[in-house]
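The values are calculated or read from the model by the stated rules, or taken from the named source; none is laboratory data. For clarity, every value in this text was computed on a predicted model and none was experimentally measured. Cβ placement follows ideal geometry from the backbone for every residue including glycine, while neighbour counts extend to all protein chains displayed. Areas reflect the complete protein model, heavy atoms only, side chains present, ligands, DNA and RNA absent. Shrake-Rupley method; radii C 1.70, N 1.55, O 1.52, S 1.80 Å.
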Amino acid sequence: MSQAKVIIADDHPLFRTALKQAIIECIDDAGTLEADNFGELLIAIEATPSLEIVFLDLHMPGNDGFTGLTQLQNHYPDLVVIMVSSDDNDETMQKAINFGAAAFIPKSADLTTIARAIDTVLMGDIWLPELIEKNEGQQTALAHQKLAKQLGQLTPQQYVVLTQIADGQLNKQIAYELNIKETTVKKHVSAILEKLEVNNRTLAGLAYQQLMLAPTENVNSPI
């Protein structure tokens, strides 16, 4: 079994190579794994209990915005998640931190900057590029942080049920997909509504959809 401490989840080999070089300089005996889609990442995490840090691409296949970040926090709360992307506008980077990322590293960053970010996270601090401007209000930031905390309180199966609610699936469809009884789904839905502090499925789905990037946030984001 691998004793790797770090996994890079990114579908661009050149950037994975650059990250690996920075990781080698910052973390002794890191043992780095790679994944080029979110499903492959989850398989690797399950198979590698020694993993401590995940570098997660904002736009990799299987990850829609910050849905992957919150899923990792829900299923594997001990993992430290560092977001990476070329989509490095200030709002997106701050949003990543609000939803629980330990850092946001732009893909335009040089090796020295990447190493500085990794060192900061290893010391237990949050890292963002120095010139970032906070354009969002404190109320918005607090709302994102509250949602992240609420999502973290869901059980893994409740989290999965929430994703299917957000996808518009009915209880009987969810029951079929998860191979559980419809009455069990109803119990999960009730618990989800209570933990998210909403009154109906529609509001629960809308809460989850806040994790996804709006079309304007996807503009000019090829990687």
Among (1) assigned by the TED database to the domain that holds LEU196; (2) surrounded by fewer than 16 Cβ atoms within 10 Å (Cβ to Cβ), where does LEU111 come up short?
(1)
One residue is enough: does the stretch 128-139 have a residue meeting the conditions modelled with pLDDT under 95, under 18 Å from PHE66 (Cβ atoms) and assigned to a helix (DSSP H, G or I)?
no
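Looking only at the stretch 129-149, decide whether some residue is open to solvent by less than 80 Å² (accessible area, probe 1.4 Å) and touching a Phe, Trp or Tyr at 6+ places or on another chain (Cβ under 7 Å).
Yes, that holds for at least one residue.
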Scanning the stretch 24-51 for residues that are under 20 Å from ASN63 (Cβ atoms) and among the β-branched types (Val, Ile, Thr), the one nearest to the chain's Cα centre (by Cα) turns out to be ILE45
So ALA191 ticks every box in (1) within 26 Å of ASP78 (Cα to Cα); (2) open to solvent by 30 Å² or more (accessible area, probe 1.4 Å) but one. Which box is left unticked?
(2)
Note: among GLU177, GLU194, just one is closer than 24 Å to GLY39 by Cα, assigned by the TED database to the domain that holds GLN209 and free of Cβ contacts under 8 Å to residues at least 60 places away in the same chain, namely GLU177
So is ALA30 surrounded by 20 or more Cβ atoms within 10 Å (Cβ to Cβ), more than 17 Å from TRP127 (Cβ to Cβ) and touching a residue at least 24 places away in the same chain (Cβ under 8 Å) or not?
no
How about the stretch 35-47: which of its residues are surrounded by fewer than 18 Cβ atoms within 10 Å (Cβ to Cβ) and of a type outside the set (Asp, Glu)?
ASN37, GLY39, ILE43, ALA47
Scanning the stretch 15-27 for residues that are hydrophobic (A, V, I, L, M, F, W, C) and over 24 Å from THR67 (Cβ atoms), which turns out surrounded by the most Cβ atoms within 10 Å (Cβ to Cβ)?
ALA22
Enumeration of residues in the stretch 169-181 that are under 15 Å from ARG201 (Cα atoms), open to solvent by less than 100 Å² (accessible area, probe 1.4 Å) and assigned to a helix (DSSP H, G or I):
ASN171, GLN173, ILE174
Selection from the stretch 52-71 of residues open to solvent by 10 Å² or more (accessible area, probe 1.4 Å) and more than 10 Å from the chain's Cα centre (by Cα) yields GLU52, ILE53, HIS59, PRO61, GLY62
Selection within the stretch 78-92 - open to solvent by 10 Å² or more (accessible area, probe 1.4 Å) and assigned to a strand (DSSP E or B):
VAL80
(1) open to solvent by less than 70 Å² (accessible area, probe 1.4 Å); (2) touching a His at 6+ places or on another chain (Cβ under 9 Å); (3) not small (Gly, Ala, Ser) all hold for GLN157 apart from (1)
